[in-house]
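Since the structure comes first, as structure tokens, the remarks are kept for the end.
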Amino acid sequence: MLVSQNPVFIPGPTNMPEHIRKACDMATIDHRSPIFGKILQPAREGVKKIIKSNNAEIFIFSGTGTAGWETAITNSLSAGDAVIITRNGMFSHRWIDMCQRHGIIVHVIEAIWGDPISATKIGDLLEADNDNKIKAVLATHNETATGVKSDIGAIRGAMDSAKHDALLLVDGVSSVASFDFRFDEWRVDILVAGSQKGFMMPPGLAIVGFSEKAMQANESATLPRTYFDIRDMHKSYASNMYPYTPPVGLMNGLHVACNTLLEEGLDNVFARHHRIAEGVRTAVKAWGLPICANSPDCYSNTITAIRTPEGFDSTQIINHAAQKYQVAFGIGLGDVAGKVFRIGHLGMLTDVLALSGIATAEMVMVDLGLDVTLGSGVAAAQDYYRNNSGLL
Ligand SMILES: *Cc1c(COP(=O)(O)O)cnc(C)c1O
């Protein structure tokens with residue numbers, strides 16, 4: 001066991017507040033007793049508030065984000081259906097792969113890794129789809145591999161302009177509970193989230209929201225599903241039950257996590273993530289290194305991917321930080337493997353914790369001979385935080 005422990009700077013699982021961790025640690029209860037409903041229903045209600053929805057049906061499965069994807073796809077689509085997905089990083093790539101393995105025809109819009117999703121390109125494909133073959137648009141709100149945020153409202157706008165009735169499925173695993181997510185306003189049909197990122201919990205819950213339209217699509221979807229069949233969940237929820245053995249402690253943690261976020265106030269949570277992210281980006285600029293995200297309007301407030309100089313293997317940074325300083329950063333994935341390292345800055349972070357990550361990254365880069373001046377990023381971030389933090 002480690003006596004002392006540093007915060008992690010990976011983009012999930014994230015650091016956990018002590019009281020949320022404790023809320024997950026529960027004595028055994030009988031999940032068929034009325035106590036269970038008192039844990040399940042507030043957790044579902046909490047999630048609805050976090051995603052700004054009055055009408056979403058929230059389903060909570062044991063699993064991670066990937067299980068949430070499978071829930072979304074199998075409960076709304078049939079083999080042979082066509083969908084649109086933009087590939088702009090590893091997570092959108094994996095969602096494409098999952099659809100293809102389910103026999104779904106994917107119209108892939110290839111994008112530069114570092115660019116956001118183009119709503120215009122989606123609109124063009126929908127306009128051209130005269131015989132309504134396309135059943136859904138799948139979008140990754142925050143591409144965790146590149147630190148790129150896409151505009152879900154704009155994608156909804158493009159779908160409306162094309163007068164197309166495809167479903168809108170959104171991966172919000174690394175955005176929900178960290179930056180603004182508007183399920184109702186954007187008329188999202190299915191949202192996928194997970195417990196281990198913005199909710200500051202251990203991994204283990206796939207959190208999925210369905211619109212009324214998605215609930216209807218579920219009736220005619222023919223992809224096989226058993227464990228992830230929302231019809232069984234829906235039926236059981238109506239009587240405060242669960243179709244299988246639920247991870248009660250994690251659900252209790254989710255209820256407490258939602259309350260914690262709502263007590264801080266969503267606007268404050270979003271502002272905190274913005275401020276911490278800006279401090280990190282200010283530091284990166286002072287290092288003279290480029291950010292993977294190609295324009296400021298798509299900068300992610302939960303994760304920054306930083307490009308390292310040509311010929312340098314960025315994985316060294318992750319290994320060296322772990323070995324020498326016991327600090328975890330995110331590796332580059334897929335197309336940007338070895339080319340970027342990532343600083344996760346979501347969940348239970350403060351300006352002061354962020355500074356420790358920036359300072360560590362700096363020591364590591366200097367150790368490895370990169371042309372970075374010790375203290376340069378820290379000083380820039382200190383300056384930013386000094387001028388933008390605290391209660392006024
Ligand atoms: C973390 C993450 C996932 C889910 O991955 P799991 O390991 O299955 O939880 C999915 N999408 C995005 C954008 C993510 O950041």
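For the stretch 95-110, give me each residue that is within 15 Å of the ligand (Cβ to nearest atom) and either surrounded by 19 or more Cβ atoms within 10 Å (Cβ to Cβ) or aliphatic (A, V, I, L, M) (or both).
TRP95, ILE96, MET98, CYS99
Please go through the stretch 141-166 and give me each residue that is within 16 Å of the ligand (Cβ to nearest atom) and either assigned to a helix (DSSP H, G or I) or over 27 Å from ALA293 (Cα atoms) (or both), ordered by number.
Quick first cut of the stretch 141-166, residues within 16 Å of the ligand (Cβ to nearest atom) only: 141-152, 155.
Within the stretch 141-166, ILE152, ILE155 qualify.
What is the number of the single condition among (1) farther than 21 Å from GLY377 by Cβ; (2) within 16 Å of the ligand (Cβ to nearest atom); (3) at pLDDT 95 or above that ILE343 does not meet?
The one condition ILE343 does not meet is (1).
Picking from VAL208, VAL176, VAL188, which residue would you name as being over 30 Å from ILE306 (Cα atoms), part of a loop (DSSP other than H, G, I, E, B) and within 16 Å of the ligand (Cβ to nearest atom)?
VAL188
Rundown of residues vs (1) open to solvent by 30 Å² or more (accessible area, probe 1.4 Å); (2) assigned to a loop (DSSP other than H, G, I, E, B), yes/no style:
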site: LYS197; (1), (2): no, yes
site: MET200; (1), (2): no, yes
site: LYS213; (1), (2): yes, no
site: ASN218; (1), (2): no, no
site: SER236; (1), (2): no, no
site: ALA257; (1), (2): no, no
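Looking at the stretch 336-358, which of the residues that are open to solvent by 30 Å² or more (accessible area, probe 1.4 Å) and not in a loop (DSSP other than H, G, I, E, B) is farthest from TYR325 (Cα to Cα)?
Across the stretch 336-358, the extreme among qualifying residues is VAL352.
Given the conditions (1) closer than 22 Å to ASP25 by Cβ; (2) open to solvent by 10 Å² or more (accessible area, probe 1.4 Å), and given that ILE207 satisfies all but one, which numbered condition is not satisfied?
Of everything listed in (1) closer than 22 Å to ASP25 by Cβ; (2) open to solvent by 10 Å² or more (accessible area, probe 1.4 Å), ILE207 misses just condition (2).
Could you tell me whether the stretch 298-308 includes any residue that is open to solvent by 50 Å² or more (accessible area, probe 1.4 Å), out of contact with any Lys or Arg (no Cβ under 9 Å at 6 or more places or on another chain) and not hydroxyl-bearing (Ser, Thr, Tyr)?
no
Write out, first by first residue and then by second, each pair whose Cβ atoms fall under 6 Å of each other, whose residues are 6+ apart or on separate chains, and whose first residue, in the stretch 52-71, is within 16 Å of the ligand (Cβ to nearest atom) while the second is open to solvent by 10 Å² or more (accessible area, probe 1.4 Å).
Partner pairs satisfying both residue conditions: PHE61/ALA67; SER62/PRO247; THR64/PRO203; GLY65/VAL173; TRP69/MET98; GLU70/PHE228; THR71/PHE228.
Among residues belonging to the stretch 20-37 that are assigned to a helix (DSSP H, G or I) and without any contact (Cβ under 8 Å) to a residue 24 or more places away in the chain, point out the one that is most open to solvent (accessible area, probe 1.4 Å).
Step one: of the stretch 20-37, the residues assigned to a helix (DSSP H, G or I) are 20-24, 34-37.
Those still in the list that are without any contact (Cβ under 8 Å) to a residue 24 or more places away in the chain too: 22, 35.
Numbers: LYS22: 133, ILE35: 91 Å².
My answer is LYS22.
Tell me the residue from LEU126, LEU138, LEU77 that is buried (at least 24 other Cβ atoms within 10 Å of the Cβ), among the hydrophobic types (A, V, I, L, M, F, W, C) and away from the ligand (no atom under 15 Å from the Cβ), please.
Values: LEU126 fails: buried (at least 24 other Cβ atoms within 10 Å of the Cβ); LEU138 fails: away from the ligand (no atom under 15 Å from the Cβ).
Criteria check complete, one pass: LEU77.
The values are calculated or read from the model by the stated rules, or taken from the named source; none is laboratory data. What you are looking at is a predicted structure, and each value in this text was computed from that prediction instead of being measured. We place every Cβ from the backbone using ideal geometry, glycine too, and count neighbours over all the protein chains shown. What goes into the accessible areas is simple: the full protein's heavy atoms, side chains included, and nothing from ligands, DNA or RNA. Shrake-Rupley method; radii C 1.70, N 1.55, O 1.52, S 1.80 Å.
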